[in-house]
1. Under 15 Å from the 7 Å Cα→Cβ point of residue 11, by amide nitrogen: which residues of region 197-231?
2. Please sort 96-109, 263-276 by packing, taking for each peptide the average over its residues of neighbouring beta carbons within 10 angstrom, highest first.
3. Label residue 53 and residue 124 with points 7 Å out from Cα along Cα→Cβ: what is the distance between them in nm?
4. For region 51-193, what does the alpha-carbon gyration tensor say about shape, rounded, prolate or oblate, given a ≥ b ≥ c as the root eigenvalues, a/c under 1.5 as rounded, and a/b over b/c as prolate?
5. So for region 10-145, taking the charge dipole from beta-carbon charges (+1 Lys/Arg, -1 Asp/Glu), which of 118, 75, 139 sits furthest toward the positive end?
6. About the Cα centre of the chain, how large is the charge dipole given +1 on each Lys and Arg Cβ and -1 on each Asp and Glu Cβ? Please answer in debye to the nearest 20.
7. Listed highest first by mean packing, meaning other Cβ atoms within 10 Å per residue, what order do 5-18, 177-190, 116-129, 36-49 come in?
8. Subtracting the Cα-Cα distance from 0.36 nm times the residue separation, let me have the gained length for residue 165 to residue 109 in nm, one decimal.
Amino acid sequence: MDIRAIVMGVAFAVMWSSAFTSARIIVAAAPPLTALSLRFLISGLLGVLIARMLGQSWHLTRGQWRATIIFGICQNALYLGLNFVAMQTIEASLAAIIASTMPLLVGLAGWLIFGERIGALGLIGLLAGVAGVVIIMGARLSGGVDMYGLGLCVAGVIALTFATLAVRGATSGGNFLMIVGLQMLVGSVVLGGAALGLETIEVDWSWTLIAAFAYTTLVPGLAATLVWFLLVNRIGAVKAATFHFLNPFLGVAIAAIILGEQLGLREGLGVAVIMGGILAVQLSKQKRVA
């Protein structure tokens, strides 16, 4: 892995992890589902436009359409929609930590459901990840975390795990950026319908809200996707996924710097253990592919 790939991987991890902090700012001032639907509408249209400029087609294969619809509903509508609602009552750092366990859940499901070989290193990583989550949840539950918001985050990461398992390999065949843009538009439609039935549009306008919305639309929403696409093309999906191990730490660090959220010693230990677990699982996957 060369220096350029490392820089791209770290940049992707920073952008992905920062989305929770900007989302926390947004949902404090605007209805979460409405805001997220608008974000996906803008990001999706930009993604489709850029894809067309790159010569990509929206005439997708059946597998690609399946991936587009499943991911649009499960990742963009359910996973992010549930997280946006949850962050009205829980901290961005906790939402980031829970979301960061997705590679562990994918590895666990692949082992238990699909019978995939995981190896000793991968098994150690899964056990470490579970231990890290237990440490953090113990600390947060004793501190009085909102159980409703916590439940929404857990449901969201389960939906994302299901989508990841359901569409493995279905996005092959090109038109990657077009698929991502269309996924966002699917999410926008689903979230828009939910927002019409569940939310009243009341917005506390401020420059911080506008800046956070613009940031989450253009950076985690679009730029991170482009960087990920370039990184996967450069080093492959398995090696690229290794950078997910940075997400727990970066999510917590960014929330602490921007929002002033605090992290106790037990929670810090849990974050470190989860990072080690994710890294072990991803390195185990690399060994299987090699």
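1. Label zone hits: 219-231.
2. Ranking the peptides 96-109, 263-276 by packing returns 96-109, 263-276.
3. For residue 53 paired with residue 124, the spin-label model returns 4.7 nm.
4. It comes out oblate by the Cα gyration axes.
5. Towards the positive end, the residue furthest out is 75.
6. Values: 15 positive and 9 negative charges, 221 e Å.
Charge dipole, the chain, about its Cα centre: 1060 debye, nearest 20.
7. Ranked by mean Cβ neighbours within 10 Å, highest first: 177-190, 36-49, 5-18, 116-129.
8. Values: separation 56, 0.36 × 56 = 20.16 nm, distance 0.83 nm.
Net length gain for the segment: 19.3 nm.
None of the figures in this text is laboratory data; all of them are computed from the coordinates on show. Worth saying up front: this structure is predicted, and the values here are computed from it rather than measured. For neighbour counting, all protein chains shown are included, and Cβ atoms are generated from backbone atoms with ideal geometry for every residue, glycine included.
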